[in-house]
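Presented below is the structure to which this report refers.
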Amino acid sequence: MDIIRVENEGYAQYEEMLLRRDKLRKEAYILQGRFMKEFGDLITAVFEKKISCIQKKKTIAFCQLAVNRGTSIDQSALQAYIQKEMAKYKWQLKQMIDENDAAHQMTEIPPEDVAKIKKIYHRLAKNLHPDINPKTNEIEGLQILWNMVVTAYRSNSLEDMEEAEILVNRALKEHHISGMTIEIPNLDEKIAKVKEDIRQIKSTNPYQYRYLLADRERMREQRESLRKELEEYEKYEKELDQIMEQLLGEGVKITWRMN
């Protein structure tokens, strides 16, 4: 099923580096999951309390503006304003909750399954990787299959990877890609780009989390820092509640509209 490549000088290095980059991306993905499994509940609680404070602060600002103008507060207008202002934060919170839930569902798999997944991925990447085979970016069905391969690879799902291999091999036959000759232009530039990708992955989070996750004292400090941040937001939220109560006590009027 292999495609045929014109022997560009350095091609073997390019292919090896692509697989190396993908391996690092997978490791970063797993490290992100481990990080969220350890700290996700606290991180989510902190962010949830943070956006609660933001919402209350914006509500106070809206009400204060009405006070300054000497007008009553239109409850419908207030709700519409808050909904618009908080949409981005609520979306971020949902993404964080979903990521946290997914991290807590992650399970370890046997080393032999990990090895099988790696072998299948390497076989498929040599024919379907979009940085190797330009047809993958041109044909929607191949793009979908490649995304399926990447997802199965990163999540260490042997069953999904084996299913993907069957579908990929069928698709390669249907699109007459088996035996196709390709040449990768500007190989030196592409190698330089992959090298930079590798450097970037290794020098930033989530890949850098591996040092934190291997150090119990640093993990304890991280939890303590998050708990302290949560307490600070809880204190701030109480202060905002007091400000709102003071505004209402000064005779602010709210106009409630029936649906």
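The values are calculated or read from the model by the stated rules, or taken from the named source; none is laboratory data. Please read all numbers here as calculations on a predicted model, not as lab measurements. Cβ: placed from backbone, ideal geometry, glycine included. Neighbour counts: every protein chain shown. Keep in mind that these areas ignore ligands, DNA and RNA; they rest on the heavy atoms of the full protein, side chains included. Shrake-Rupley method; radii C 1.70, N 1.55, O 1.52, S 1.80 Å.
Here are some notes:
- Only one of the listed residues (145, 124, 158) is under 25 Å from the mean Cα position of the chain (by Cα) and closer than 16 Å to residue 25 by Cβ. That residue is 124.
Yes or no, residue by residue, for (1) closer than 25 Å to residue 35 by Cα; (2) at pLDDT 90 or above:
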| position | (1), (2) |
| --- | --- |
| 110 | yes, yes |
| 126 | no, no |
| 130 | no, yes |
| 147 | yes, yes |
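- Failed criterion for residue 153 (all others in (1) farther than 28 Å from residue 38 by Cα; (2) at pLDDT 90 or above hold): (1)
- The set of residues from the range 196-216 being in a helix (DSSP H, G or I) and either modelled with pLDDT under 95 or hydrophobic (A, V, I, L, M, F, W, C) (or both) comprises 198, 201, 212, 213.
- Residue 48 meets each of the listed conditions (1) under 29 Å from residue 156 (Cα atoms); (2) assigned to a helix (DSSP H, G or I); (3) acidic (Asp, Glu) apart from (1).
- For beta carbons closer than 7 Å, sequence separation of 6+ or different chains, a first residue in the range 119-132 that is free of Cβ contacts under 8 Å to residues at least 40 places away in the same chain and under 14 Å from residue 169 (Cβ atoms) and a second that is open to solvent by less than 10 Å² (accessible area, probe 1.4 Å) and not in a helix (DSSP H, G or I), there are no qualifying pairs.
- Scanning the range 71-91 for residues that are under 23 Å from residue 248 (Cα atoms) and open to solvent by 70 Å² or more (accessible area, probe 1.4 Å) yields 71, 79, 81, 83.
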